[in-house]
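The values are calculated or read from the model by the stated rules, or taken from the named source; none is laboratory data. As the structure is a computational prediction, the values presented were derived from the model and not from experiment. We place every Cβ from the backbone using ideal geometry, glycine too, and count neighbours over all the protein chains shown. Accessible surface areas use protein heavy atoms only, side chains included; no ligands, DNA or RNA. Shrake-Rupley method; radii C 1.70, N 1.55, O 1.52, S 1.80 Å.
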Amino acid sequence: MKFFLDTANIAEIEKAVSWGILDGVTTNPSLMAKAGASNFKEHLKRICDLVEGPVSGEVIGLTPEEMHAQALELASISPYMVIKLPMTVAGLQVCKRLNAENIPVNMTLIFSSAQALLAAKAGASYVSPFIGRLDDISHFGSELIREIITIFDRYGFETQCLAASLRHPLHVVEAALAGAHVATLPWGVLEKLIHHPLTDIGIERFLEDWKKVRPEGW
Ligand code: E4P
């Protein structure tokens, strides 16, 4: 399973890169605004250079013409750029066009397996089901991942299921169990994945016992 960071915050991305487990980054207009990315393109370029892996940047146009023009501009930033398109008719049309132009697409705001199937048919490289937002309205977000994976496997689609809107470590585990190819995590969730109180207690006890022996040279 690949791990992407769901942020536009440079400091967070630098930390995750230093941990050696980062495969990519996803951004959206809200995350870019939160990171104070006033120079949109420059900010995305910096992220691409740091990550050296897929970096999703979202178009904000609503017509196919606007979306396509913005997509080309984003794609010109770096070969690592992946174009995030919303799951609309215009989004599907532009996805098909970008696919023919060899520009990878992440179809975002996916809330049903039918939408994911359409995006895969239009040639999306990734579909992003929003797990947390489904849970928020009392649906089983992780069940959607299971459905998407079943459909993609049955028809041999190469589109990757990118579990998004993950709010806590259990969401990551659910996404992994359901077979998501990628999980995109906010920094806080990535940090929480590491810790377990029994690990801390275990280290403490080992160190205490070691002190009793104190072998030479250690
Ligand atoms: C990532 O691609 C999505 O934009 C993001 O995970 C949405 O998360 P949220 O529902 O917590 O805003």
Mind checking the log10 I(q)/I(0) for the chain at q = 0.15 Å⁻¹? Debye, one equal scatterer per Cα, no solvent, two decimals.
-> -0.93
Per residue solvent-accessible surface (Å²) - the stretch 2-213, probe of 1.4 Å = 52 Å²
Would you give the gap between the C-alpha center of the stretch 139-187 and the C-alpha center of the stretch 193-211, rounded to a whole Å?
-> 32 Å
Point-to-point label distance, Lys45-Leu72, nm (Cα→Cβ direction, 7 Å offset) = 1.9 nm
Using mean Cβ contacts within 10 Å as the protection proxy, how do 69-78, 186-195, 19-28, 150-159 order, highest first?
-> 19-28, 69-78, 186-195, 150-159
Return the carbon/sulfur percentage of the accessible area of the chain, one whole number, probe 1.4 Å, all protein chains in place.
-> 57 percent
Which value, in debye to the nearest 20, describes the size of the charge dipole of the chain about its Cα centre when Lys and Arg Cβ atoms bear +1, Asp and Glu Cβ atoms bear -1, and nothing else is charged?
-> 80 debye
Computed [θ] at 222 nm, deg cm²/dmol, the chain (DSSP H ≥ 4; -39,500 (n - 2.57); rounded to nearest 500) | -16000 deg cm²/dmol
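Expressed in nm to one decimal, what extension gain is obtained for the pair Lys212 and Asp136 from 0.36 nm per residue of sequence separation less their Cα-Cα distance?
Gain on stretching Lys212 to Asp136: 22.2 nm.
Suppose R0 equals 45 Å; then what is the FRET efficiency for Val89 and Ile203 from their Cβ-Cβ distance, rounded to the nearest 0.05?
0.25
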Net lengthening on full extension, Asp153/Lys96 (0.36 nm per residue, minus Cα-Cα) = 18.4 nm
